[in-house]
1. Consider only pairs whose beta carbons are under 6 Å apart and that are at least six residues apart or on different chains; among these, list those whose first residue lies in the range 69-97 and is closer than 19 Å to GLY12 by Cβ and whose second residue is among the basic types (Lys, Arg).
2. Criterion first (buried (at least 20 other Cβ atoms within 10 Å of the Cβ), within 19 Å of GLY11 (Cβ to Cβ) and more than 16 Å from the ligand (Cβ to nearest atom)) does ALA180 satisfy it?
3. Of the residues that sit in the range 83-93 and are within 10 Å of the ligand (Cβ to nearest atom) and buried (at least 19 other Cβ atoms within 10 Å of the Cβ), which one is nearest to THR263 (Cα to Cα)?
4. Restricting attention to the range 215-264, report how many residues are among the hydrophobic types (A, V, I, L, M, F, W, C), buried (at least 17 other Cβ atoms within 10 Å of the Cβ) and not in a loop (DSSP other than H, G, I, E, B).
5. List the residue pairs whose Cβ atoms are under 6 Å apart, where the first residue sits in the range 8-24 and is part of a loop (DSSP other than H, G, I, E, B), the second is within 8 Å of the ligand (Cβ to nearest atom) and modelled with pLDDT under 95, and the two are 6 or more positions apart or on different chains.
6. Name the residues in the range 155-166 that are of a type in the set (A, V, I, L, M, F, W, C) and crowded, with 20+ Cβ neighbours inside 10 Å, would you?
7. With the structure loaded, tell me whether ALA184 is aliphatic (A, V, I, L, M) and within 29 Å of ILE7 (Cβ to Cβ) or whether it fails that test.
8. Where residues in the range 56-67 are touching a strand residue (DSSP E or B) at 6+ places or on another chain (Cβ under 9 Å) and more than 9 Å from the ligand (Cβ to nearest atom), which of them is nearest to SER130 (Cα to Cα)?
Amino acid sequence: MAAPMNICVLGGTGFVGTALINRLAQQGHWVRVPTRDAALNQALQVLPTVRLQRANVHDPRVLDRLVEGADAVINLVGILNERGRNTFQRAHADLAAKLMAALKAGQVRRVLHMSALGADVNGPSRYLRSKGAAEEHVRAASPHADFTIFRPSVIFGPGDSLTNRFAALLRLSHGWLPLARAHARFAPVYVGDVADAFVQALHDRATIGQTYELCGPQVMTLEQLVRTTAAVAALPCRIVRLADEFGRLQGAIMQCLPGKPFTLDNFRSLTLDSVCAENGFARLGLERHGMMDVLPTYLAPNTAATPLALGS
Ligand SMILES: NC(=O)c1ccc[n+]([C@@H]2O[C@H](COP(=O)([O-])OP(=O)(O)OC[C@H]3O[C@@H](n4cnc5c(N)ncnc54)[C@H](OP(=O)(O)O)[C@@H]3O)[C@@H](O)[C@H]2O)c1
């Protein structure tokens, strides 16, 4: 086993972070996790080498202290919907710039950065543009930073807000689902495989300066993704494919609802297929799981999460 490292994980309390930090803790690494609310993630609090710490990561002085003495920093902070003005810019691009400055000041070189497929400063949505700007800040820091960037397609697994959300919607609506961009293509990737990619990069210096696209083995449309979810969860599924003008209208209306279940910006992100041009897992020497390997372990009726879903 590799020597224990001191690792700071920004955005570590979320869906991907929880899977990744479990692996890091299993390997004996010391993990510092800043969060806006330390009380929220009980699952991480019980891990002996993990320390959750209430902190405002947007304050440069706080960031300087957080990364001090770290062997590596991982940035997973991300939002899918804006809450207020310019929150994509703040959470993605501005934070990446501040983090790279803090790493330079603290002479911390190693950084793993979570982006998304389609991230591009000229992309169709504010989400993708801010993710693209964040990548540019990370790359611009290369003289003093050993970075690796990951760009996953949509991520599934226990606790996701993808298959679990569709299952909840189908349950609520007795199977009826008006779906925008039903033909948009994805390659859903298992959260455990994404976590493995990060762990592999931490231990492999050949990943420095590289960007890895992370996709699952199957490309499917959004409609097929929902139908697969419904089949595994044994739910009725009657999809109404929305033409783009109605999809846009759906986003405009639903972004006014509490929790913003769908927004115009989400619609614009969906105008781009989320599929890989290369197999990042193969470059990392890693295997990946298909949806049907994992979905039944947490979505099938009367199924408790199994060790595959939680740890592997
Ligand atoms: N899930 C996917 O399908 C998917 C696909 C492609 C890319 N990604 C990227 O993967 C990363 C992790 O995604 P996830 O699904 O794990 O997200 P998540 O479950 O929503 O977790 C997001 C994390 O970011 C932190 N965070 C959110 N807003 C913040 C803010 N304004 N300031 C500071 N921290 C904030 C949260 O920390 P606290 O609440 O503890 O403060 C939380 O730990 C994100 O960068 C996301 O864009 C995800």
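The values are calculated or read from the model by the stated rules, or taken from the named source; none is laboratory data. None of the values given here were measured: they were computed from a predicted structure. All Cβ positions, glycine included, derive from the backbone under ideal geometry; neighbour counts span all protein chains shown.
1. ALA72/ARG110; HIS92/LYS131
2. Details: buried (at least 20 other Cβ atoms within 10 Å of the Cβ): yes; within 19 Å of GLY11 (Cβ to Cβ): no; more than 16 Å from the ligand (Cβ to nearest atom): yes.
So ALA180 fails the test.
3. PHE88
4. Residues of the range 215-264 that are among the hydrophobic types (A, V, I, L, M, F, W, C), as a first pass: 215, 219-220, 222, 225-226, 230-235, 237, 239-240, 242-243, 246, 249, 252-254, 256-257, 262, 264.
From the residues that got through so far, the ones that are buried (at least 17 other Cβ atoms within 10 Å of the Cβ) too are 215, 220, 222, 225-226, 230, 232-233, 235, 237, 239, 242, 254, 262, 264.
Then drop every residue that is not not in a loop (DSSP other than H, G, I, E, B), which leaves 220, 222, 225-226, 230, 232, 239, 242, 254, 264.
Count: 10.
5. Qualifying pairs under 6 Å: THR13/ASN41.
6. To start, the set of residues in the range 155-166 that are of a type in the set (A, V, I, L, M, F, W, C) comprises 155-156, 162, 166.
Listed by number, the residues that qualify are ILE155, PHE156, PHE166.
7. Numbers: aliphatic (A, V, I, L, M): yes; within 29 Å of ILE7 (Cβ to Cβ): no.
So ALA184 fails the test.
8. Taking the range 56-67 and keeping what is touching a strand residue (DSSP E or B) at 6+ places or on another chain (Cβ under 9 Å), we get 56-57, 62-63, 66-67.
Now restrict to residues that are more than 9 Å from the ligand (Cβ to nearest atom): 62-63, 66-67.
Values: VAL62: 23, LEU63: 20, LEU66: 24, VAL67: 23 Å.
Looking at the filtered set, the residue picked out is LEU63.
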